[in-house]
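*Asks:* Pasting a structure below so you can have a look.
The values are calculated or read from the model by the stated rules, or taken from the named source; none is laboratory data. This one's a predicted model, so the numbers in the text were calculated from it and none came from an experiment. Here the Cβ is made from the backbone with ideal geometry for all residues, glycine too, and neighbour counts use every protein chain on show.
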Amino acid sequence: MGGNQVALAMCEPEKLLETLNWPKAPSEIWQEPFDRIRGHCERIANTTEPTDLFDFCDFFLDYQYMEVQEDLLAFGFPKALEAWARQELSHPDPRRFKGTWHFEGMWDALAYRPIYPEFFNKQQYRAMTDFFVHVLLVRMGREEFLSFRGSEASPYEWIRLHDELIWLFPVAEQIWDEWWSFKTPGMAVCAVQWLSALLYEEDENPFFEPWNSLEGGGAPNLTRIDHLSNGIDHLSKETAPSANTEFIRSTLTPKWAEGVLARAVEVLSKHESFDLVYTMWLDSSRRSTLFEERARKLLEEM
């Protein structure tokens, strides 16, 4: 399979398209635009020209607030997911998409107006959430480094996506079963990155240089407070699905974290930052009180 085919397999929501019976672009657009300016729906439905990613901003505003043209949703939503996945996984296709957009509006729209059961049936909803989880896990599997400085650190990206999914969809057990199995070194690296925020104070995290006014940075904050400070407004209005909260509550214990880190030591034995990982494992038993406090705060935020 060539590179383009591999990228397509990673980025196209094929199962969702299948459950939607491979929708075609609607021949007529009757949906009223949220901002009264027409054109974005027609451009999204156009299969001969690359779609400007910013058109999906208006597409999701329409979805959130207006009467929805369901055949347009069936065609446009999977297309938006492909555009989002290509951006998340750095696999652009200029023949299909152009421009930039960060897709915050997609999360807002799905939080305020859940797509299931109003528009998607259970099978279609599962295909959608499976795709979100797939993209997250591919993204996590690429993590390599364990030393970060400044606001552009890659862990912020996957942690932000992880938290979006955990807050919006009942997928915690699905994600964590795959994540904590450490089938790839990248998953073990993500475990160290994430757990470090629960085991260390902000200014003593061995993997993230402390925040400073010039570069930003600092350890990842795993609670909702951090999301709100980054402008994800819908998280102030929503709580995570109860299934996620209960699953994480039953899993996230000091004993579990110590066992996870013991396995990370094995998986990352040849990593350039192995000494720090080993020290973190030793620290885990001594920092159980702080860990429990941070875990409790995370669960309260959920």
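*Asks:* Regarding Arg86, is this residue outside any helix (DSSP H, G or I), charged (D, E, K, R) and assigned by TED's automatic domain parsing to the domain that holds Tyr116? Don't jump to the end; show me each part of the working.
*Replies:* On the way: outside any helix (DSSP H, G or I): no; charged (D, E, K, R): yes; assigned by TED's automatic domain parsing to the domain that holds Tyr116: yes.
Judged against the criteria, Arg86 is not a match.
*Asks:* What number of residues within the stretch 104-140 satisfy the criterion of being touching a residue at least 60 places away in the same chain (Cβ under 8 Å) and touching a Gly at 6+ places or on another chain (Cβ under 8 Å)?
*Replies:* 1
*Asks:* Now, a different point. Of the residues Glu28, Glu49, Glu32, which is within 23 Å of Arg113 (Cα to Cα) and surrounded by fewer than 16 Cβ atoms within 10 Å (Cβ to Cβ)?
*Replies:* Working: Glu28 fails: within 23 Å of Arg113 (Cα to Cα); Glu49 fails: within 23 Å of Arg113 (Cα to Cα).
Result: Glu32 is the single residue among Glu28, Glu49, Glu32 that is within 23 Å of Arg113 (Cα to Cα) and surrounded by fewer than 16 Cβ atoms within 10 Å (Cβ to Cβ).
*Asks:* Moving on. Just to be sure, is Arg294 of a type in the set (D, E, K, R), in a helix (DSSP H, G or I), touching a Leu at 6+ places or on another chain (Cβ under 7 Å) and surrounded by 13 or more Cβ atoms within 10 Å (Cβ to Cβ)? It would help to see each step written out before you state the result.
*Replies:* Working: of a type in the set (D, E, K, R): yes; in a helix (DSSP H, G or I): yes; touching a Leu at 6+ places or on another chain (Cβ under 7 Å): yes; surrounded by 13 or more Cβ atoms within 10 Å (Cβ to Cβ): yes.
So Arg294 passes the test.
*Asks:* If you go through the stretch 255-273 one residue at a time, do you hit one that is loosely packed, with under 13 Cβ neighbours inside 10 Å, under 14 Å from Met302 (Cβ atoms) and at pLDDT 95 or above?
*Replies:* No - not one qualifying residue is present in the stretch 255-273.
*Asks:* Further question: Hey, among the residues in the stretch 47-64 that are in contact (Cβ under 8 Å) with a residue 40 or more places away in the chain and hydroxyl-bearing (Ser, Thr, Tyr), which one's nearest to Ala85 (Cα to Cα)?
*Replies:* Thr51
*Asks:* Starting from the stretch 141-152, keep only residues that are farther than 11 Å from Gln193 by Cβ, then list their pairs with residues that are among the acidic types (Asp, Glu) whose Cβ atoms are within a distance under 8 Å, requiring at least 6 positions of separation or different chains.
*Replies:* Hits for this filter: Arg149/Glu209; Arg149/Glu215; Gly150/Glu209; Gly150/Glu215; Ser151/Glu215.
*Asks:* Hey, another quick one. I'd like the residue in the stretch 93-151 that is of a type in the set (Lys, Arg), touching a helix residue (DSSP H, G or I) at 6+ places or on another chain (Cβ under 9 Å) and in a helix (DSSP H, G or I) and, out of all such residues, is nearest to Tyr65 (Cα to Cα). Show your work before the answer.
*Replies:* Looking only at the stretch 93-151, we keep the residues that are of a type in the set (Lys, Arg), and these are 95-96, 98, 113, 122, 126, 139, 142, 149.
With the extra rule that they be touching a helix residue (DSSP H, G or I) at 6+ places or on another chain (Cβ under 9 Å), the set shrinks to 96, 113, 126, 139, 142.
Checking which are in a helix (DSSP H, G or I) leaves us with 126, 139.
Details: Arg126: 24, Arg139: 31 Å.
Ranking the candidates gives Arg126 first.
*Asks:* Are any residues in the stretch 1-51 β-branched (Val, Ile, Thr), modelled with pLDDT under 95 and part of a helix (DSSP H, G or I), and if so, which ones?
*Replies:* Answer for the stretch 1-51, where residues must be β-branched (Val, Ile, Thr), modelled with pLDDT under 95 and part of a helix (DSSP H, G or I): just Val6.
*Asks:* A follow-up question, please. Of (1) at pLDDT 95 or above; (2) surrounded by fewer than 16 Cβ atoms within 10 Å (Cβ to Cβ), Gln124 satisfies all except one. Which?
*Replies:* Just one mismatch for Gln124, condition (2).
*Asks:* To continue, here is another question. Thr100: under 30 Å from Arg142 (Cβ atoms), β-branched (Val, Ile, Thr) and buried (at least 18 other Cβ atoms within 10 Å of the Cβ), yes or no?
*Replies:* Details: under 30 Å from Arg142 (Cβ atoms): yes; β-branched (Val, Ile, Thr): yes; buried (at least 18 other Cβ atoms within 10 Å of the Cβ): no.
Considered against the rule, which asks whether it is under 30 Å from Arg142 (Cβ atoms), β-branched (Val, Ile, Thr) and buried (at least 18 other Cβ atoms within 10 Å of the Cβ), Thr100 comes out as no.
*Asks:* Checking Phe119 against (1) in contact with a strand residue (DSSP E or B) (Cβ under 7 Å, 6 or more places away or on another chain); (2) closer than 30 Å to Leu17 by Cα, which test does it fail?
*Replies:* That leaves (1) as the condition not met.
*Asks:* Here is a check on your reading of the model: is Thr129 surrounded by fewer than 16 Cβ atoms within 10 Å (Cβ to Cβ) and among the β-branched types (Val, Ile, Thr)?
*Replies:* On the way: surrounded by fewer than 16 Cβ atoms within 10 Å (Cβ to Cβ): no; among the β-branched types (Val, Ile, Thr): yes.
When the stated conditions are applied, Thr129 does not pass them.
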